[in-house]
Structures are given as C-alpha cells and as structure tokens.
Amino acid sequence: MDGKTRRESMREGREKFGKLSFKEKLGYLWDYYKWVPALVVVLAVVIAIGVHVAKDSRKETVLSAAIINGIKNEGNEGLKLSEGFAEYIGLDPKTQSLSMDDTYLIKLADGDQVTVACQTKLMAAIQGETLDLMVMPEDIYRNYLASGAIVRLDEALDGEFLEEEKERWQMDRRGEDTEDGLYALRVTGSKKLEPLYGSQEVYAAVPAGAGHREAMEEFLKYLLH
C-alpha cells in the first residue's frame, strides 16, 4: 500500500488520463473496458431477434439468408437487396416476410468480440435450422465448409436448376469425402451483389438444416440473371 486514499488515487488517475493523446486514451479505454463492445453486440442481437420474432410471428418466412462480410458504404445495401428480391417474387408483406441479415462481420484472423458474437449468432441460426442460405467471401466459405456447417448443393437444391448454373459450380472435398462434391455456387460478378462485395470472389452455399428450397432457387436466379 502506498498510503494514498481511494479519492487521491482516483484524482491522480483522472489527471494522468487527461494528459494522454486521443489515440492513447482510446487504447486505455479498450484495455480496461474491452468487454463492453461484445456485450453491446450481444444485447443488440438479442433485442433485434426479439423484435423480429414479435413483429413477424404471424407471417410466413419465405427465405432466411445470411449476407456475410458485405461492404456497407451507404448502410442500406442489404435492405435494397431484400426489397429487390421481395418485388421480384411478388412478396405479400401482410402474410410473408424475408430475413436478409447483412450484419454478419467475421474477421477470421482477428477473432475480435464482434467476430465472436457474429459467429455465435450464425451457428445458433444453423443449429436452430432457421437459416436457408449463406452468401460470403471465399475465406468464410472455406472456414464453414471445413467445419461441416455446409451441405452439398445437389442434396439441397433441384438438379435441373443446378444443371442450368453448371459453369458456376464450386467443387470441393469436405471431411471424409473421397471425391469432389458440389458445395457452392460462385455468384461473383452479380450486379445485385456488387454494392456489397465489389469484384471479390463470392460464394452462395446452403447450411445444414436449411429449408425453403424453391425460395433459395428463386433468390439465386435473382442474383445471377
């Protein structure tokens, strides 16, 4: 003990903090309160899910898609994608709903709090069998393919539809596979996705437990044509 009272220690702490540069202050706050962003993200997710469930509990969810690591320069790119697809399929807003979630921000190399929160949310959706489709850059696709979260497209979608998109097939091996299987479609170059992904490689894949096959196919047609 240095003999200082708690009040004196707090005063000295405030004085030292006041002398720090703006960058140093941010670093100080991050070191001491870095759990706060994760808590905020988790709370926001819980609240958003609660509001969504309460609002759409009486509606049929036509399609639930995760738009992962999309670039949001304007902030409404995901909303525009959802609205465009709703118009494309003639969605009835009174009885039907879409879930086009573009809030997934996953940095595999960093493993920061936002990444952990988004990965937890994504796995909960997959395990709860409430997610139909994943749209993502190549590194995210590779990660979830290796984890076993993605199923073969020829087991999830119509063969005739897939044959029409054969030039976009992404053939890979997963786990104990002894030969290549069809696990994704390359949707790179889609004008609908360009505001979210630019020119980077983008893949569309189906998670385990997905449903709404016809809606998935319609959405992929919307993206590609």
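The values are calculated or read from the model by the stated rules, or taken from the named source; none is laboratory data. Fair warning: this is a prediction, and the values are worked out from it, not measured in the lab. Methodologically, a virtual Cβ is constructed for each residue, glycine included, from the backbone with ideal geometry; neighbour enumeration extends over all protein chains shown. Quick note on the areas: whole protein, heavy atoms, side chains included, nothing else; ligands and nucleic acids left out. Shrake-Rupley method; radii C 1.70, N 1.55, O 1.52, S 1.80 Å.
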Task: Under 18 Å from the Asn73 label point (7 Å along Cα→beta-carbon), backbone N, region 175-219 - done: 189-202
Task: Residue-normalised accessible area of region 86-225, given per residue in Å² at a 1.4 Å probe - done: 50 Å²
Task: DSSP-loop trypsin sites (Lys or Arg not before Pro) across region 58-108, with at most 13 other Cβ within 10 angstrom - done: Arg58, Lys94, Lys107
Task: Heavy atoms of Glu60 accessible to a 1.4 Å probe, total area in Å² rounded to 10 - done: 100 Å²
- [ ] Note down the relative contact order for region 133-219 as a percent, whole number, built from C-alpha pairs under 8 angstrom at least six residues apart.
- [x] 42 percent
Open item on the list: My understanding is that a pair violates if its Cα-Cα distance is over 23 Å; which of Lys72/Lys94; Lys72/Lys107; Lys94/Lys192; Lys107/Lys166; Lys94/Lys191; Lys80/Lys221 do that in this structure?
Closed with: Lys72/Lys94; Lys94/Lys192; Lys107/Lys166; Lys94/Lys191
Task: Carbon and sulfur %, accessible surface of region 122-225 computed with the full protein complex present, 1.4 Å - done: 43 percent
TODO: Would you mind computing, in nm to one decimal, how far apart the modelled labels at Glu164 and Glu201 are, each placed 7 Å from Cα along Cα→Cβ?
DONE: 2.7 nm
TODO: Could you work out, for region 78-225, what percent of all Cα-Cα pairs fall into each 5 Å distance bin, beginning at 0 Å and stopping at the bin that holds the largest distance?
DONE: 2, 9, 18, 23, 22, 17, 7, 3, 0, 0
